[in-house]
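The values are calculated or read from the model by the stated rules, or taken from the named source; none is laboratory data. Fair warning: this is a prediction, and the values are worked out from it, not measured in the lab. Here Cβ is always computed from backbone atoms with ideal geometry, including for glycine, and neighbour counts include all displayed protein chains.
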Amino acid sequence: KQEVTQIPAALSVPEGENLVLNCSFTDSAIYNLQWFRQDPGKGLTSLLLIQSSQREQTSGRLNASLDKSSGRSTLYIAASQPGDSATYLCAVRRAGNMLTFGGGTRLMVKP
Amino acid sequence: EAGVAQSPRYKIIEKRQSVAFWCNPISGHATLYWYQQILGQGPKLLIQFQNNGVVDDSQLPKDRFSAERLKGVDSTLKIQPAKLEDSAVYLCASSLTFSTSEGGGYTFGSGTRLTVV
């Protein structure tokens, strides 16, 4: 059974810092890995999707890497801003397009 | 394009009562998912539909939870009777297909927050 773990569970940093959020998964037989952002009271917004054959994806200040063989992914956020405050979830996609999520990292960026 | 619509936004019920949640997916999306997100945890898949058929309901507590998508469009998730541990946000999502690549991108609704007291 696939298990996804995210570390740290919560993070509070001053504005401008570069951040690394970690995600690990136990079964490397995945189709892809996706990072989502969740704001309070809102649904999930997709940030980056990395196919199993890829090593990384970039979008603006966000960079996600994937090491499938070791079961790890990292989300790097450059020059953090207060607007980045949210919960970040990683999810691995398995057959049938079903997602298994980690517990999330709750990020607070202080001005 | 309209998003995934869910109602109600909030619901408070007493334990042992019943409750129902409604979801209307994006038009044309054949696949619909219900996820349960307990506070402080990631979402967990309860049930997946492809059109009006169930693809996976292995994590649905069938003694108290039921879901249907009779016409292959909107869907209803019901809990009867509710327990305290059912307090959670219930997220609905849809995708064009259940392919893991083309057309498989999810769109999530804003969720229904259920509190059982």
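Restricting region B:8-48 to residues that are over 11 Å from the mean Cα position of the chain (by Cα) and part of a strand (DSSP E or B) leaves a set whose member that is surrounded by the most Cβ atoms within 10 Å (Cβ to Cβ) is B:THR31.
Tallying residues that are closer than 27 Å to B:TYR35 by Cβ, among the hydroxyl-bearing types (Ser, Thr, Tyr) and more than 14 Å from every other protein chain (Cβ to nearest Cβ) within region A:37-69 yields 2.
The listed residues are B:LEU45, B:LEU91, B:LEU96, and the only one of them that is within 11 Å of chain A (Cβ to nearest Cβ) and touching a His at 6+ places or on another chain (Cβ under 7 Å) turns out to be B:LEU96.
Of all the listed residues (A:GLY96, A:GLY60), the sole one being within 19 Å of B:PHE108 (Cα to Cα) and surrounded by fewer than 17 Cβ atoms within 10 Å (Cβ to Cβ) is A:GLY96. Out of A:ALA91, A:ALA64, A:ALA79, one residue alone is more than 11 Å from A:SER24 (Cα to Cα), in a strand (DSSP E or B) and touching a residue at least 24 places away in the same chain (Cβ under 8 Å). It is A:ALA64.
Within region B:67-87, is there a residue that is facing chain A (nearest Cβ under 10 Å) and either in contact with a Lys or Arg (Cβ under 9 Å, 6 or more places away or on another chain) or surrounded by 15 or more Cβ atoms within 10 Å (Cβ to Cβ) (or both)? Within region B:67-87, not a single residue is facing chain A (nearest Cβ under 10 Å) and either in contact with a Lys or Arg (Cβ under 9 Å, 6 or more places away or on another chain) or surrounded by 15 or more Cβ atoms within 10 Å (Cβ to Cβ) (or both). The single condition from (1) modelled with pLDDT of 95 or more; (2) of a type in the set (Val, Ile, Thr); (3) surrounded by fewer than 20 Cβ atoms within 10 Å (Cβ to Cβ) that A:VAL4 fails is (3).
Residues are listed down the side, and each one gets a yes or a no for (1) crowded, with 19+ Cβ neighbours inside 10 Å; (2) modelled with pLDDT under 95; (3) in contact with an Asp or Glu (Cβ under 7 Å, 6 or more places away or on another chain):
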site	(1), (2), (3)
A:ALA10	no, no, no
A:GLU17	no, no, no
A:ASP27	no, yes, no
A:GLY43	yes, yes, no
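Of all the numbered requirements in (1) over 11 Å from the mean Cα position of the chain (by Cα); (2) of a type in the set (Gly, Ala, Ser); (3) more than 20 Å from A:TRP35 (Cα to Cα), B:SER99 misses one, and that requirement is (3). One residue stands out among those in region B:56-66 that are in contact (Cβ under 8 Å) with a residue 12 or more places away in the chain and either charged (D, E, K, R) or away from chain A (no Cβ under 12 Å) (or both): the one that is surrounded by the fewest Cβ atoms within 10 Å (Cβ to Cβ), which is B:ARG64. For region B:1-55, filtered to residues that are of a type in the set (S, T, N, Q) and free of Cβ contacts under 8 Å to residues at least 60 places away in the same chain, the residue that is nearest to B:ILE79 (Cα to Cα) is B:GLN36.
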